[in-house]
Amino acid sequence: MSTITYHLATLSDIDLLIDHRVTYFDDFVEAPDEQARQQLRRGLRDYYTRALPTGECIVWYATDNGELAAIGALIIQQGPGSYISPDGRYGYIMSMHTLEPYRRRGIAQEILDRLVKSGREAGIRFFELHASEMGEPLYIKNGFVKLEDPTYRKVFE
């Protein structure tokens, strides 16, 4: 029986985050060699070690009886201010990925909801993302507007 549970990533989840991100890249881009893969792993470890505790990176993931089912990340970025975001902070949603057996079950929706809620709680007013063809309907359904391929944005008043 499938039991989906949702988790806010902490430092104790770094190995899971690294393994997933490397696998995610390997699915789309072949690593030049093992040295490149190990450099990526070290860079990811450094990044997550710094960014998870500060809230710069927020990761929600779902498991099914302890096995990873889906994952998504929110990166809180700082830029110059604008009318949409006078303090210049915005959320970039990335690495939304649901493993094949768990697709079309509402898990990505739940992760997206949790990422947006976490961002809103951190004072973020607008979010951007790049969407795959498969993910596009989810984002449009949730009020993201296509700016230019493949960027989407959602602004909260």
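Here, each number is a calculation from the coordinates, and none is a lab measurement. Just so you know, these numbers come straight off a predicted model, no measurement behind them. Every residue, glycine as well, gets a Cβ built from its backbone with ideal geometry; the counts of neighbours run over all protein chains shown.
Give the order of GLU148, GLU157, GLU56, GLU128 when sorted by the count of other beta carbons within 10 angstrom, beginning with the fewest.
GLU157, GLU148, GLU56, GLU128
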Exercise. Can you sort TYR61, TYR24 by how many other beta carbons sit within 10 Å, fewest first?
Worked result: TYR24, TYR61
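By the scheme Lys and Arg +1, Asp and Glu -1, what is the net charge of all other residues having a beta-carbon under 12 Å from that of LEU11?
0
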Exercise. Per 10 Å bin from zero, what fraction in whole % of the C-alpha pairs of the range 27-157 is there, up to the bin with the longest pair?
Worked result: 11, 37, 37, 14, 1
Exercise. Over the range 100-157, what lengths in whole Å, largest first, do the semi-axes of the equivalent ellipsoid take, defined as the square roots of 5 times the eigenvalues of the alpha-carbon gyration tensor?
Worked result: 19, 16, 8
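Kindly state, to the nearest 0.05, the FRET efficiency for ALA36 paired with PHE156, given R0 = 41 Å and r defined as their beta-carbon distance.
Numbers: r = 39 Å, r/R0 = 0.95.
In this case the efficiency is close to 0.55.
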Problem set entry | Fully extended contour minus Cα-Cα distance, from ASP113 to GLU136, at 0.36 nm per residue | 6.8 nm
